[in-house]
Amino acid sequence: MESFGVVGLLFLLVMVYLTYVEYKKSRLTQTTFAVWLFFWILAALLVIFQPYVNSIISDINIVRVLDLYMILGFMFLFAVAFYLFVIIKNAEKRVEEVVRKVALKSITSKGL
C-alpha cells in the first residue's frame, strides 16, 4: 500500500471515530450512524483494494495526478458534508426543544 493509501486509511479511521463519538452523544440516530459507518467502511475498502480499483481506472485512461487531486477533493467534501450534517442535526434538536417548551408554557398559562 502506498503512503497515500495509509493517509487515506488514517483519515477514514478518524471519520469512523468522529461518527461514533457523535452517535454516543446522541446527536446521530442509529440509522444515520449506520449509514455513515457503511459509507466510511466502503471508502476504506476502496483504499485497501486500490490495485483492483487502479486496474479499473487504468482501463478508462484517467491520469494519475488527477486521481490524487480528485480523491483529496472528495475526502475534503465528505468531511465537510459530515460536519454540516452534524451541525444541522444539533440545530434541529435545539429548535425542537424550544418549540416544545414554548408549547408547554402556552398550554399551562391558558390553564388547559
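Quick check: is even one residue across the range 50-69 modelled with pLDDT of 80 or more and surrounded by fewer than 14 Cβ atoms within 10 Å (Cβ to Cβ)? There is no residue in the range 50-69 that is modelled with pLDDT of 80 or more and surrounded by fewer than 14 Cβ atoms within 10 Å (Cβ to Cβ). The residue pairs whose first member lies in the range 89-108 and is assigned to a helix (DSSP H, G or I), whose second member is charged (D, E, K, R), and whose beta carbons are closer than 8 Å, counting only pairs six or more residues apart or on different chains, are Lys89/Arg27; Asn90/Arg27; Lys93/Arg27.
Criterion applied to Lys101, Lys110, Lys93, Lys89 was being among the basic types (Lys, Arg), modelled with pLDDT under 90 and more than 11 Å from the chain's Cα centre (by Cα), and the one residue passing it is Lys110.
Evaluate the range 75-84: report whether one residue or more is farther than 25 Å from Val7 by Cα, of a type outside the set (Asp, Glu) and at pLDDT below 95. No: the range 75-84 contains no residue that is farther than 25 Å from Val7 by Cα, of a type outside the set (Asp, Glu) and at pLDDT below 95.
The values are calculated or read from the model by the stated rules, or taken from the named source; none is laboratory data. Keep in mind that what you see is a predicted model, and the values were worked out from it rather than measured. Note: ideal-geometry Cβ built from the backbone for every residue, glycine included; neighbour counts use all protein chains shown.
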